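S.K.: If you scroll down you'll find the structure; I have some questions about it.
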Amino acid sequence: MVENSQQLAVVTGANRGLGLETCRQLAQRGLRVMLTSRDEAEGQAAMNRLRGQGFAVRYHSLDVTDPASVAALADTLRREGGRIDALVNNAGVALEGFDAGVARRTLSVNFFGVMAVTDRLLPLLAPHGRIVMVSSAMGQMDGLPPALCDQFLNPVLTRNDLVDLLNRFVRDVEAGRHLERGWPANAYRISKVGLNAFTRILAQELAASAVRVNAVSPGWVRTAMGGPGATRTIEEGAQGIVWAALVGPDGPTGGFFRDGQPIPW
């Protein structure tokens, strides 16, 4: 683990659930935390709750699908002259129903939004910074057709290839041909499969640096998204995210983890 004194963590989608608890646990460990969310009122309220507990937490609005909003966050951080020690990409959606619109909107947040935030904040990352992708067990390849697995797990897959692959998913859904092409009728799952692939690609792109890039499955957690019947508490789910946000420069990179332990892609 790294020394935490005065380090800065940025957490997206942090007005509630796993994002909020991740902010709390990071602040509890002595990090300064920038809590971000699309809903400003909820984000401010979340910040005030944590400040009321004595934690060093600030708020900044962020809509990961809006380039101007992403740029505004980056500009604020740049003006302050600090370095980001941990970027936790937690913002995500699980929408009702399934059609091309749902597929497009899901990917815009869960994949393209993550890519946009990461790329914009990457120049502000500390030399030993950590990037955490909050993924899901649904992002694992188990059960998907072999041909689809081969495409996502291709060791020479580039980010352009990945973007093309995910856009093809949306087009196939729009054309009503997704099942015959081997896609599951689940946009959330494909968004997390794509996020895992981006984790591997980004880790390769940053291999010459000391930046650590990992994906984390928090498990089935009792959040608004996970539902009341989930098997894990929010505190338990956030622990693995916090672990990845604090790995040292000699820690793992380009991996997929639950509770600090590697799991299959």
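The values are calculated or read from the model by the stated rules, or taken from the named source; none is laboratory data. Quantities reported herein were computed from a predicted structural model and do not represent experimental measurements. Glycine gets a Cβ as well: all are built from the backbone with ideal geometry, and neighbour counts include every protein chain shown.
S.K.: Quick one: count up the residues across the range 123-153 that are of a type in the set (D, E, K, R) and within 30 Å of residue 82 (Cα to Cα).
M.R.: Counting residues in the range 123-153 that are of a type in the set (D, E, K, R) and within 30 Å of residue 82 (Cα to Cα) gives 1.
S.K.: Out of all the residues in the range 186-194, is one or more of a type in the set (Lys, Arg), surrounded by fewer than 18 Cβ atoms within 10 Å (Cβ to Cβ) and out of contact with any Asp or Glu (no Cβ under 7 Å at 6 or more places or on another chain)? Write out each step before concluding.
M.R.: Pass one, the range 186-194, residues of a type in the set (Lys, Arg): 189, 192.
Within this subset, residues satisfying the condition of being surrounded by fewer than 18 Cβ atoms within 10 Å (Cβ to Cβ) are none.
Within the range 186-194, not a single residue is of a type in the set (Lys, Arg), surrounded by fewer than 18 Cβ atoms within 10 Å (Cβ to Cβ) and out of contact with any Asp or Glu (no Cβ under 7 Å at 6 or more places or on another chain).
S.K.: Could you identify the single residue in 119, 99, 85 that is of a type in the set (Asp, Glu), touching a residue at least 40 places away in the same chain (Cβ under 8 Å) and either surrounded by fewer than 15 Cβ atoms within 10 Å (Cβ to Cβ) or more than 13 Å from residue 10 (Cβ to Cβ) (or both)?
M.R.: One residue alone meets the criteria, 99.
S.K.: Going through 180, 205 one at a time, which residue ends up being more than 24 Å from residue 119 (Cβ to Cβ), surrounded by fewer than 21 Cβ atoms within 10 Å (Cβ to Cβ) and not basic (Lys, Arg)?
M.R.: On inspection, the qualifying residue turns out to be 180.
S.K.: Taking interchain pairs and intrachain pairs at least six residues apart, which have beta carbon atoms under 7 angstrom, with the first residue in the range 145-173 and free of Cβ contacts under 8 Å to residues at least 40 places away in the same chain and closer than 15 Å to residue 190 by Cβ and the second aliphatic (A, V, I, L, M) and surrounded by 15 or more Cβ atoms within 10 Å (Cβ to Cβ)?
M.R.: Pairs found: 149/141; 151/165; 162/197; 162/201.
S.K.: I would also like to ask the following. Which of the residues belonging to the range 190-231 are modelled with pLDDT of 95 or more and out of contact with any strand residue (DSSP E or B) (no Cβ under 8 Å at 6 or more places or on another chain)?
M.R.: 190, 191, 192, 193, 194, 197, 200, 201, 204, 205, 207, 208
S.K.: Of the residues that make up the range 13-33, is at least one part of a helix (DSSP H, G or I) and either basic (Lys, Arg) or at positive phi (or both)?
M.R.: For the range 13-33, residues part of a helix (DSSP H, G or I) and either basic (Lys, Arg) or at positive phi (or both): present.
S.K.: Give the residue, chosen from 102, 109, 132, 117, that is among the β-branched types (Val, Ile, Thr), touching a helix residue (DSSP H, G or I) at 6+ places or on another chain (Cβ under 6 Å) and farther than 22 Å from residue 242 by Cβ. Walk me through how you get there before you give the answer.
M.R.: Numbers: 109 fails: touching a helix residue (DSSP H, G or I) at 6+ places or on another chain (Cβ under 6 Å); 132 fails: farther than 22 Å from residue 242 by Cβ; 117 fails: farther than 22 Å from residue 242 by Cβ.
Every option except 102 fails the conditions.
S.K.: Restricting attention to the range 135-162, which residues are of a type in the set (A, V, I, L, M) and in contact with a helix residue (DSSP H, G or I) (Cβ under 6 Å, 6 or more places away or on another chain)?
M.R.: 138, 141, 162 - these are the residues of the range 135-162 that are of a type in the set (A, V, I, L, M) and in contact with a helix residue (DSSP H, G or I) (Cβ under 6 Å, 6 or more places away or on another chain).
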